[in-house]
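Undergrad: Sharing a structure with you now.
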Amino acid sequence: MKKFYHHYRNWTVVFDFIRQPTCEIPRSLCEMLIEFDQNSPSFFKHITLIPIVLCNRDYWNANIFLREGKIFATGWGYLGEYIASLIADEGDVDHMAENFDKIVPSYLEGFTQYVPIESFNPTIIVDMILAMYGYRIVEWYFFAQTDNRNSCKSKP
């Protein structure tokens with residue numbers, strides 16, 4: 001997650017893009033990313049305290065198994081990382097908050113049946129989304145083939 005974030009964070013095209021006052025991306029997303037950039041060292045220090053669980057951010061048929069009537073996905077990641085991926089990876093940006101509100105409580109309820117996670121704050125999943133997909137969402141917008149974003153495109 002950290003390597004992926006730093007890859008996009010260090011790409012000046014998207015980094016500078018969200019900091020332009022004329023940028024047409026919702027200002028709230030720009031501000032969330034800028035704030036995350038400022039607090040990312042703390043986030044990456046904190047995330048190492050989160051339990052590692054089964055996780056697969058590559059949700060397709062070959063990575064999903066049915067055994068004894070239960071569905072299993074392969075891989076390992078931080079608690080919340082998989083659901084962050086499910087919500088944000090090429091997801092419907094217009095309904096991301098709504099999807100978060102519907103999916104995260106069920107996801108965490110499922111884990112509490114097997115793992116004590118009382119101290120887990122669900123807002124960390126928002127930070128995971130920002131770390132893994134924030135600048136990627138900006139990239140999708142920046143390189144979209146529409147005319148309405150030309151006013152925020154930075155000049156090379």
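Undergrad: What is the spin-label model distance, in nm, from ILE34 to LYS3 if the labels are put 7 Å beyond Cα along the C-beta direction?
TA: Rounded to a tenth, the inter-label distance reads 3.1 nm.
Undergrad: Tell me, what is the FRET efficiency for ILE52 and TRP11 to the nearest 0.05, using R0 = 41 angstrom and their Cβ-Cβ distance as r?
TA: In this case the efficiency is close to 0.90.
Undergrad: Calculate, for GLU24 and ASP89, the FRET efficiency according to 1/(1 + (r/R0)^6) with r their C-beta to C-beta distance and R0 30 Å; round to the nearest 0.05.
TA: Between GLU24 and ASP89 the formula returns 0.85.
Undergrad: Ranked highest first by average number of other Cβ atoms within 10 Å, how do 96-105, 124-133 line up?
TA: Per-residue Cβ counts within 10 Å, averaged per peptide and sorted highest first, yield 124-133, 96-105.
Undergrad: Let me ask something additional. Going highest first, how would you order 135-144, 46-55, 79-88 by mean Cβ packing within 10 Å?
TA: The most tightly packed comes first, giving 79-88, 135-144, 46-55.
Undergrad: Highest first, please rank the peptides 109-120, 16-27 by the mean number of other Cβ atoms sitting within 10 Å of their residues.
TA: 16-27, 109-120
Undergrad: What translational diffusion coefficient, in µm²/s and rounded to a whole number, does the Stokes-Einstein relation yield for the stretch 1-50 at 20 °C and a viscosity of 1.002 mPa s, taking the hydrodynamic radius as the Kirkwood radius over Cα pairs?
TA: 181
Each reported figure results from applying straightforward, stated rules to the coordinates on display, with no laboratory input. Model, not experiment: these values are computed from the prediction. Note that each Cβ is placed from the backbone with ideal geometry, even for glycine, and that neighbours are counted across all protein chains shown.
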